[in-house]
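This report refers to the structure that appears directly beneath it.
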Amino acid sequence: MSINSFVKKNKTDFYEDSSEKSPFSPDELSTDELLKKQSAYDRTLKRTGDIIFSLFVLICGAPFFLLIGLLVKLSSPGPIFYLQKRLGRNYRYFGCIKFRTMHSEAESLLENLLDRDPSLKAEFEKDFKLRNDPRITPIGRFLRLSSLDELPQFLNVLKGHMSIVGPRPIVKDEVKRYGAYMKEVASVRPGITGLWQVSGRNNLTYRRRVMLDILYVRKRSFIIDLKIFFRTFGVLLFPRDRGAY
């Protein structure tokens with residue numbers, strides 16, 4: 001079954017408010033036995049694969065990393081890497097590392113932008129992103145569209161903060177958007193890629209992204225991870241406007 005077929009088969013409306021109807025019927029809810037089985041997979045096969053592939057990328061890609069770092073440094077003043085606090089497994093926060101794609105004063109620029117323009121503020125509060133974000137540097141825009149800015153996250157994978165495949169690593173302000181489902185999402189390591197990244201990425205509504213995260217956590221398996229992993233290469237090579245902005 002392809003990823004698209006998998007998503008369509010499990011398609012359902014998602015309700016952000018935890019007081020509303022669950023998108024899954026009670027018999028689909030994860031049982032202790034299923035969680036135990038999935039945890040065993042996460043601890044053994046998946047974790048081993050994460051470590052081996054991350055080492056391969058970091059070692060073989062070292063010269064490429066240096067080139068990207070040089071381009072970032074030359075594009076604008078500031079550090080090469082950007083660390084942002086993201087929510088990990090068991091509600092533990094970690095520093096998610098990326099190549100810097102924004103001007104170093106991005107946070108103050110964002111505050112000024114949102115204060116001056118109510119429409120931009122509404123856009124940011126809806127999706128936590130701006131489609132035409134003036135804070136992004138020219139090289140940063142390319143890195144985001146190609147997802148090359150996320151390559152340093154393989155260091156997070158080695159440290160055990162992340163997995164190669166998993167739900168999105170979210171910031172603190174996004175936790176409330178998951179409601180009662182946050183407990184399930186926080187039970188696994190967030191991923192560099194995942195179901196939402198290969199199903200439309202930023203063309204999806206925020207509600208849809210949340211639903212796909214929950215769907216992945218409940219249905220994840222070796223086969224699903226493998227399909228997402230290989231589908232990611234197709235998305236990167238033929239983005240069709242799926243890149244980050």
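Give the residue list of chymotrypsin sites (Phe, Trp or Tyr not before Pro) in region 32-133 that are DSSP loop and have at most 16 other beta-carbon atoms within 10 angstrom. Write out the running numbers ahead of the final one.
Values: sites: Tyr41, Phe53, Phe56, Phe64, Phe65, Phe81, Tyr82, Tyr91, Tyr93, Phe94, Phe99, Phe124, Phe128; in loops: Phe128.
For chymotrypsin sites (Phe, Trp or Tyr not before Pro) across region 32-133 that sit outside H, G, I, E and B with at most 16 neighbouring Cβ atoms in 10 Å, the list reads Phe128.
Each residue of region 94-105 was assigned a 3J(HN,Hα) from its phi angle through the Karplus curve 6.51 cos²θ - 1.76 cosθ + 1.60 (θ = phi - 60°); the sequence is 9, x, 7, 9, 9, 5, 5, 10, 10, 5, 4, 9 Hz, with glycine and proline shown as x. When region 176-227 is described by a simple charge dipole with +1 on each Lys and Arg Cβ and -1 on each Asp and Glu Cβ, the residue from Leu204, Val185, Ile224 located farthest towards its positive end is Leu204.
Can you put Glu150, Glu107 in order, fewest other beta carbons within 10 Å first? Kindly include the intermediate steps, with their values, before the conclusion.
On the way: Glu150 19, Glu107 11.
Listed from fewest to most nearby Cβ atoms, that is Glu107, Glu150.
Near the amide H of Phe81, within less than 5 Å, lie the amide hydrogens of Arg100, all on another chain or at least 5 residues away, with H placed in the peptide plane. The residue among Leu143, Leu130, Gly234 whose Cα reaches farthest toward the positive pole of the charge dipole of region 110-245, with charges on the beta-carbon of Lys, Arg, Asp and Glu, is Gly234.
Which pairs in the list Lys172/Lys227; Lys46/Lys227; Lys126/Lys172 are over 24 Å apart, alpha-carbon to alpha-carbon?
Lys172/Lys227
Quick note: the coordinates plus some simple rules give every number you see, no bench work behind them. If you're wondering where the values come from, they're calculated on a predicted model, not measured in any experiment. Every residue, glycine among them, receives a Cβ derived from its backbone with ideal geometry; neighbour counts consider all protein chains shown.
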